[in-house]
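Engineer: Please find one structure pasted underneath; my questions will follow.
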Amino acid sequence: MSTREGSSRLPFWVAAALFFLSGSGALIVETSWLRWFRGALGATAPAVSATLVAFFAGQVLGALLGARLAARTRRPLASYAALEAIAALACLAVPVFLASTMSGVDRFYDDGRASLGALSAARFAAAMLASLPASMAFGATFPVLAAAATDRARHMGQTAGGLYAINTAGAALGASLATFLLPALVGISGTHIVGVSCLVAAAISAWLAEQRFPPASPIEAPDRRVGARPGSRAGAIAFASGFGVFAAQVLLTQAFSRVLNQSSFAFGAVLVTTLVSLALGAALVTRFGQRRPARTLAWMALGAAFGFAVLPGVFVAGTDGLSYLGSDRAYPAYLFAAFGLAALTAGPALLAAAGVWPALLAQVGAANDGDGRAAGSLTGRLLAMNTIGAIVGALVAPWILLPRLGLWGAFTAVAGSYAVIAVIVEAPGRALRGGVILAGAIGIALGAPPTALPVLRLEPGDRLLASSSSAAGLVAVIERDGGRLIQTDNHYALGGTADTVHQERQGHLPLILHGHAKRALFLGSATGSSAAAALSHDVAELVLVEIVPGVAASAARWFDASNRGVHGDPRTRVVLDDARSYVRAGRESFDVIVADLFVPWRAGTGGLYTREHFEAIQRRLAPGGLFCQWLPLYQLSEAELQSILTTFADVFPEGVAFRGDFFGSHPILALVGGRELRIDASATSRAAARLSTRGVADRWVTHPFGPWALYAGPLAGVAALWNETPRNLDDHPTVELLAARQHAGSGRGGVRPFIGTALTQLSKTLRESADALGAEPIRGFGPAERRAAEGGHALQTASALWVSGRERPASSALEAAADLLPPELLARAPADPTVAEVWHDHAID
C-alpha cells in the first residue's frame, strides 16, 4: 500500500496538546469579538443572528479550504502551524476591520432602519468582512491537523474524534477564562490578546513539533483515495448533527434565561457546561465506540432524541416549576448552582448528541482505506456540512421553531432531527434498525407533551393574558392584583398599570427641567407610561426605542389605556433596535433624551452605563439639550453606583442628581446632564405650574417646589470624591462584572443594594462637596429652592429610617420635612402611594 511524504509520525498527544491550546485561544478571541460586535452592531436578535451566521460562514469556507489543503500538502503539520499564525494575525486585524465596516453601516443606518432585512444584511456584511479571514483560518485547522495526526483514514474516528473532544475541552477552558477571569484582570482588549497569544503559541509549538516529528519518507505513487468524498448520507448526518447541536444551544439559552439572572456569568456557566458535556460525550465515544461505529452512531442519535424529548419535562421539574434561581446564594455559590442546574437538566442530552460526530467520523473512515491525507479531506468536508447545519440551526431555532412551536415544542423538533439520524444511519441488521425506530418512538412519547408544560411561572392569583416566544425571548402580559404588567423571560417585570404615576414622573421630570423640548427620545419604552408623559408637554416629535419587539407590541395592545395610547399618537415613532446602536449610528438630534431603568447585571446592559455610550448621547443632544439617566438603586451596590456616577460626571461635569421618589426600600435616582445646558430654577417652577393645568395630578412635578424637593444635589464633587473609582468603559465593563458577582449575594450576607440611609448620605455628600467647591449648576437656585431640597432630603431620611425599623428618628425626620416643605406637597389627599413607605403610617397635619 502506497505512502507519501506527509504520512504522519506525529504522536497523538502532541496533536491533542496543540488543538487544546488552539481551542482555548479561539474561544477567548471569539468571546471578545461577540462583545465588540454587540457594541458595534447592537444586541438585537437579528444582529446576534447575523453575527453568528457570519462567523459560521467563514468556518464553512475554511473547512472546505482545509479539506483541499489536507489532500495536497506534503507537510500537514507545517501547514497547520501556518494556519494558526494566519488566524492570530487575522484576529489582531478584527477590530480594525470592524471599525472600517462600521463606518459604512452607520452611514446606511437611518435609511436602512426602516427595513429590518436591509439592516440585518448590512450588519451581516460588517460581521462577515471583519471576521472572515480569522474564521476561515479556524475552520481550516481541524482537517489539516487531522491529516497530520492520522496514518490511515480508517483510524480517523480515533484521531479526528479525539481531536474534536480535546479542542472542545480547550474551548470550555477558554470560555471560562474569557467570562469569569480575564475581563476583570486585563479588560476586553487584553482578553483578546491573551487569546491571540494562545494561537501564536499553538503556531510556534506546531512548527517546533514539525521539526521534531518530520513526515515519513515519500513514495512517489499518489494515493487515488485521497479525493474520496464522504457520501450524501454521511453529509446529511453531519448536517443534521450540526443543526441539532446548535439549535439546542439556542434553545437552552432561552430556557435558562427564564430561571437564571441573565448575567454574563450565568450565561457563561451554561456555555461552559455545554462545552464540557460535548467534550465528554465525544471523548467517551472516541474511546469506547469505535468497534461498531454505525451501531454507536445510531444509539447516540437515539439517546439525543430521547434526551431532548424529555428535556422540557426534566427542566421544569428540575427548576421547581420554573422558579427563579435568584439572589439567595452568595457568589460563587450562585455560579456553582447554575453549573449544576445546566449539567442536571441538559447534560445527558448533550452527552449523547456529542457522540454523533465522532461516531460519524469513525463510520466514514472505516469505509475508506486512504492515508492521513484522505482522513483530513474527509474530515474537512464533513466539518463543512456540520457547520452549514449549525448555520441553519442558528436561524431556524430562534426565527421559526420558537415563534411557531414555543420553547418546549422546539426541543421536540430538535429531538426529531436526531431521530431522523438514528433512522437513516446505515446500522447493520434490520433488528437494530427496527429497535432504533421503536426505541426512538418510545423516547419521544415519554417526553411530556409541550402543550402540557408551563411557559412561565405565575404567582398565586396571577392570570396570564398573553405570551409570545421569539428570538428576543419570552414576553408575557400578566394580570396581578387588579393591574397589568409586562414580564420578560419569566421574571423581569417592566412597569405596570398599578404604578403609572411613578412611571410618568420619570418622563415629566426631565421635560420640565428642560422647559421647552420639541423633540424627545426615550431609550427603553417598556409599557410606554414614562414616554406617555411627553404627550402632556409641547413635544412635536417623540421617539421610543425598544430592543424587544414583543414588548412594544404588548404595550401597544394591552396598555393603551394606561399609556394614553402613546404608540398610536401621530407624534410618536417606535424604533425596534438596540439603544446603543440607535444613539451611536443615527443622525437625528433631540432636546431631551430619557434612558429607562436598566437592570445592571443582565449581559450587555452594563454597556448602557459606559462612558462611550454617554458620549454618544451627548453628541445626539441638540444645543441646550438634556439627558436623564434613571438608576434602579435597589439593584445597584455602592461600588457599581460610584462607577456610574463618576463615569457620568466625566462626560457631564455640570450634571445633577434628582430623586424619582422618597422610597426607603426601592428608590430610583436620575442623573441629569446636558449639552450647553443650564437648568433655570424659575423656568422649571413655571414649567411645573404649567403642567398642573394639563390634567397631570402628580404634585411632585406640578407644584412649583415639587421638583426641588426631588433635587438630590450637584455631581461637581464626585470626580474628586471618588477619583480612584474604576470608570465603566466598553473595554473595562466594571458595572457588568461587579453586578454579575454582587447581585448573586444580596440575599445571604452579600453586598447590599444602595438603599435606605446610604442614599440619604449620598445626597448629603453631594451637597456638601458642591458647596465646598462653590459649584451650583442650577441658575437661580435660591433659598426657597434650597429649603425645598432640604425638605425632600428630610422626607427621604424619614422613609429610610422607617424601613430600617427606627420609628422614633423617622418621626422626627418626618416632622422636619413638614416644617420645610409646602403643606400642599405633604397633604394626605389626594392619596400618593408612590412617594414613601412612611407616608402610609403617619398623618401630616
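The values are calculated or read from the model by the stated rules, or taken from the named source; none is laboratory data. Predicted model, so just to flag it, every value in this text is computed and none were measured. Using ideal geometry, Cβ is built from the backbone for each residue, glycine included, and neighbour counts are taken over all protein chains shown. All accessible areas refer to the heavy atoms of the entire protein, side chains included, with ligands and DNA or RNA removed. Shrake-Rupley method; radii C 1.70, N 1.55, O 1.52, S 1.80 Å.
Engineer: Please name all residue pairs, on different chains or six or more residues apart, with Cβ atoms under 9 Å, provided the first residue is in region 751-772 and is among the β-branched types (Val, Ile, Thr) and assigned to a helix (DSSP H, G or I) and the second residue is at pLDDT below 85 and open to solvent by 60 Å² or more (accessible area, probe 1.4 Å).
Structural biologist: Going by the 9 Å Cβ cut-off, the qualifying pairs are THR765/LEU721.
Engineer: While we're looking at this one, here's another question. Do you know which of the residues in region 582-638 that are among the aromatic types (Phe, Trp, Tyr) and more than 29 Å from GLU676 (Cβ to Cβ) is modelled with the lowest pLDDT? Lay out the reasoning, then the answer.
Structural biologist: Filtering region 582-638 down to residues among the aromatic types (Phe, Trp, Tyr) leaves 582, 590, 598, 601, 609, 614, 627, 630, 634.
Of the ones still in play, those that are also more than 29 Å from GLU676 (Cβ to Cβ) are 601, 634.
On the way: TRP601: 86, TYR634: 91.
Ranking the qualifying residues of region 582-638, first place goes to TRP601.
Engineer: Of the residues in region 241-263, how many are within 26 Å of TRP299 (Cβ to Cβ) and open to solvent by less than 20 Å² (accessible area, probe 1.4 Å)? Please lay out each step first, then the result.
Structural biologist: At the first step, the residues of region 241-263 found to be within 26 Å of TRP299 (Cβ to Cβ) are 241-252, 255.
Next, only the ones that are open to solvent by less than 20 Å² (accessible area, probe 1.4 Å) stay: 241-242, 244, 247-248, 251-252, 255.
Number satisfying all stated conditions: 8.
Engineer: Taking interchain pairs and intrachain pairs at least six residues apart, which have beta carbon atoms under 6 angstrom, with the first residue in region 341-358 and over 24 Å from THR379 (Cα atoms) and the second among the β-branched types (Val, Ile, Thr)?
Structural biologist: Pairs found: ALA342/VAL270; ALA342/THR273; ALA343/THR273; THR345/VAL314.
Engineer: Here's a follow-up. Checking the structure you have, find out if any residue of region 258-265 is among the charged types (D, E, K, R), part of a helix (DSSP H, G or I) and at pLDDT 85 or above. Quick ask: steps written out before the conclusion?
Structural biologist: Of the residues in region 258-265, the ones among the charged types (D, E, K, R) are 258.
Those left that are additionally part of a helix (DSSP H, G or I): none.
Scanning region 258-265, I find no residue that is among the charged types (D, E, K, R), part of a helix (DSSP H, G or I) and at pLDDT 85 or above, so the answer is no.
Engineer: For region 592-610, state whether one or more residues are open to solvent by 10 Å² or more (accessible area, probe 1.4 Å), of a type outside the set (Ser, Thr, Tyr) and more than 30 Å from ARG258 (Cβ to Cβ). Even if it seems obvious, please write down each step before you answer.
Structural biologist: Start the filter on region 592-610 by keeping residues that are open to solvent by 10 Å² or more (accessible area, probe 1.4 Å), which leaves 596-599, 601-605, 607-608.
Applying the additional criterion that residues be of a type outside the set (Ser, Thr, Tyr) yields 596-599, 601-604, 607-608.
When the remaining residues are screened for being more than 30 Å from ARG258 (Cβ to Cβ), the result is none.
No, region 592-610 contains no residue that is open to solvent by 10 Å² or more (accessible area, probe 1.4 Å), of a type outside the set (Ser, Thr, Tyr) and more than 30 Å from ARG258 (Cβ to Cβ).
Engineer: Here is a further query. Given the residues ALA184, ALA206, which is the only one that is open to solvent by less than 50 Å² (accessible area, probe 1.4 Å), over 24 Å from LEU297 (Cα atoms), in a helix (DSSP H, G or I) and in contact (Cβ under 8 Å) with a residue 12 or more places away in the chain? Show your work before the answer.
Structural biologist: Working: ALA184 fails: open to solvent by less than 50 Å² (accessible area, probe 1.4 Å).
Among ALA184, ALA206, only ALA206 is open to solvent by less than 50 Å² (accessible area, probe 1.4 Å), over 24 Å from LEU297 (Cα atoms), in a helix (DSSP H, G or I) and in contact (Cβ under 8 Å) with a residue 12 or more places away in the chain.
Engineer: What do you reckon, is ALA118 open to solvent by 10 Å² or more (accessible area, probe 1.4 Å), free of Cβ contacts under 8 Å to residues at least 24 places away in the same chain and within 29 Å of VAL396 (Cβ to Cβ)?
Structural biologist: Details: open to solvent by 10 Å² or more (accessible area, probe 1.4 Å): yes; free of Cβ contacts under 8 Å to residues at least 24 places away in the same chain: yes; within 29 Å of VAL396 (Cβ to Cβ): yes.
Here the answer is yes, as ALA118 does meet what is asked.
Engineer: Next up: Show the residue pairs meeting these rules: Cβ distance below 6 Å; 6+ apart or different chains; first residue within region 13-32 and in contact (Cβ under 8 Å) with a residue 12 or more places away in the chain and closer than 16 Å to ALA85 by Cα; second residue buried (at least 24 other Cβ atoms within 10 Å of the Cβ) and among the polar types (S, T, N, Q).
Structural biologist: PHE19/ASN167; GLY23/ASN167
Engineer: Sticking with this one: Checking the structure you have, find out if any residue of region 574-589 is in contact with a Ser or Thr (Cβ under 8 Å, 6 or more places away or on another chain), in a strand (DSSP E or B) and open to solvent by less than 40 Å² (accessible area, probe 1.4 Å).
Structural biologist: no
Engineer: Do the conditions hold for THR500, that is, is it part of a helix (DSSP H, G or I) and farther than 30 Å from ARG779 by Cβ? I'd like the intermediate steps shown before the answer.
Structural biologist: Details: part of a helix (DSSP H, G or I): yes; farther than 30 Å from ARG779 by Cβ: yes.
Yes, satisfied.
Engineer: Then there is this: Please go through region 638-679 and give me each residue that is touching a helix residue (DSSP H, G or I) at 6+ places or on another chain (Cβ under 9 Å), charged (D, E, K, R) and more than 25 Å from LEU801 (Cα to Cα), ordered by number.
Structural biologist: To start, the set of residues in region 638-679 that are touching a helix residue (DSSP H, G or I) at 6+ places or on another chain (Cβ under 9 Å) comprises 638-653, 655-675, 677, 679.
Imposing the further condition that a residue be charged (D, E, K, R) reduces the set to 638, 640, 650, 659, 661, 675.
Passing the criteria: ASP650, ARG675.
Engineer: If a residue has to be surrounded by fewer than 24 Cβ atoms within 10 Å (Cβ to Cβ) and at pLDDT 95 or above to count, how many in region 137-174 make the cut?
Structural biologist: The number of residues fulfilling the criteria is 3.
Engineer: Anything in region 686-702 that is of a type in the set (Gly, Ala, Ser) and either under 40 Å from the mean Cα position of the chain (by Cα) or open to solvent by less than 20 Å² (accessible area, probe 1.4 Å) (or both)? List them, or say none.
Structural biologist: At the first step, the residues of region 686-702 found to be of a type in the set (Gly, Ala, Ser) are 687-689, 692, 695, 697.
Hits for region 686-702 are ALA687, ALA688, ALA697.
Engineer: Would you pick out the residues in region 783-805 that are over 18 Å from LEU715 (Cα atoms) and over 41 Å from the mean Cα position of the chain (by Cα)? Talk me through it step by step, then tell me what you get.
Structural biologist: Within region 783-805, the first condition is being over 18 Å from LEU715 (Cα atoms), and the residues that meet it are 783-784, 787-788, 791, 794-805.
Correct list: PRO783, ALA784, ARG787, ALA788, GLY791.
Engineer: If you don't mind, another one. Under 9 Å between Cβ atoms, which residue pairs at least 6 apart in sequence (or on different chains) link something in region 64-83 that is in contact (Cβ under 8 Å) with a residue 12 or more places away in the chain with a partner that is open to solvent by 60 Å² or more (accessible area, probe 1.4 Å) and not in a helix (DSSP H, G or I)?
Structural biologist: Here the result reads ARG74/PRO218, each pair linking region 64-83 to a residue that is open to solvent by 60 Å² or more (accessible area, probe 1.4 Å) and not in a helix (DSSP H, G or I).
Residues are listed down the side, and each one gets a yes or a no for (1) under 22 Å from PHE243 (Cα atoms); (2) modelled with pLDDT under 95; (3) open to solvent by 10 Å² or more (accessible area, probe 1.4 Å); (4) assigned to a helix (DSSP H, G or I):
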site	(1), (2), (3), (4)
GLY321	no, yes, yes, no
ARG329	no, yes, yes, no
ALA342	yes, yes, no, yes
GLN363	yes, yes, yes, yes
ASP369	no, yes, yes, no
SER377	yes, yes, no, yes
MET385	yes, no, yes, yes
ILE388	yes, no, yes, yes
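Engineer: Where residues in region 489-525 are modelled with pLDDT under 90, in contact with a Gly (Cβ under 7 Å, 6 or more places away or on another chain) and open to solvent by less than 20 Å² (accessible area, probe 1.4 Å), which of them is farthest from VAL574 (Cα to Cα)?
Structural biologist: ASP489
Engineer: Now a separate question. Got a sec? Which of SER682, SER665 is open to solvent by 10 Å² or more (accessible area, probe 1.4 Å), in a helix (DSSP H, G or I) and among the small types (Gly, Ala, Ser)? Break it down into steps so the answer makes sense when it comes.
Structural biologist: Numbers: SER665 fails: in a helix (DSSP H, G or I).
Selected residue: SER682, the only one of SER682, SER665 that is open to solvent by 10 Å² or more (accessible area, probe 1.4 Å), in a helix (DSSP H, G or I) and among the small types (Gly, Ala, Ser).
Engineer: Okay, moving on. Can you tell me which residue among GLU724, GLU736, GLU790 is surrounded by fewer than 17 Cβ atoms within 10 Å (Cβ to Cβ) and either free of Cβ contacts under 8 Å to residues at least 12 places away in the same chain or part of a helix (DSSP H, G or I) (or both)? If you could, list the steps in order and put the result at the bottom.
Structural biologist: Numbers: GLU736 fails: surrounded by fewer than 17 Cβ atoms within 10 Å (Cβ to Cβ); GLU790 fails: surrounded by fewer than 17 Cβ atoms within 10 Å (Cβ to Cβ).
Going through GLU724, GLU736, GLU790 in turn, the sole match is GLU724.
Engineer: What number of residues within region 537-557 satisfy the criterion of being of a type in the set (A, V, I, L, M, F, W, C) and open to solvent by 50 Å² or more (accessible area, probe 1.4 Å)? Step through it out loud before you land on a result.
Structural biologist: Residues of region 537-557 of a type in the set (A, V, I, L, M, F, W, C): 539-540, 542-545, 547-548, 551-553, 555-556.
If we keep only those that are open to solvent by 50 Å² or more (accessible area, probe 1.4 Å) too, we end up with 540, 547, 553.
The total comes to 3.
Engineer: With the condition kept exactly as written, say whether any residue in region 797-809 is of a type in the set (Val, Ile, Thr), under 15 Å from ALA709 (Cβ atoms) and modelled with pLDDT of 80 or more.
Structural biologist: Pass one, region 797-809, residues of a type in the set (Val, Ile, Thr): 797, 803.
Cutting the leftovers down to under 15 Å from ALA709 (Cβ atoms) gives us 797.
Cutting the leftovers down to modelled with pLDDT of 80 or more gives us 797.
Yes: one or more hits.
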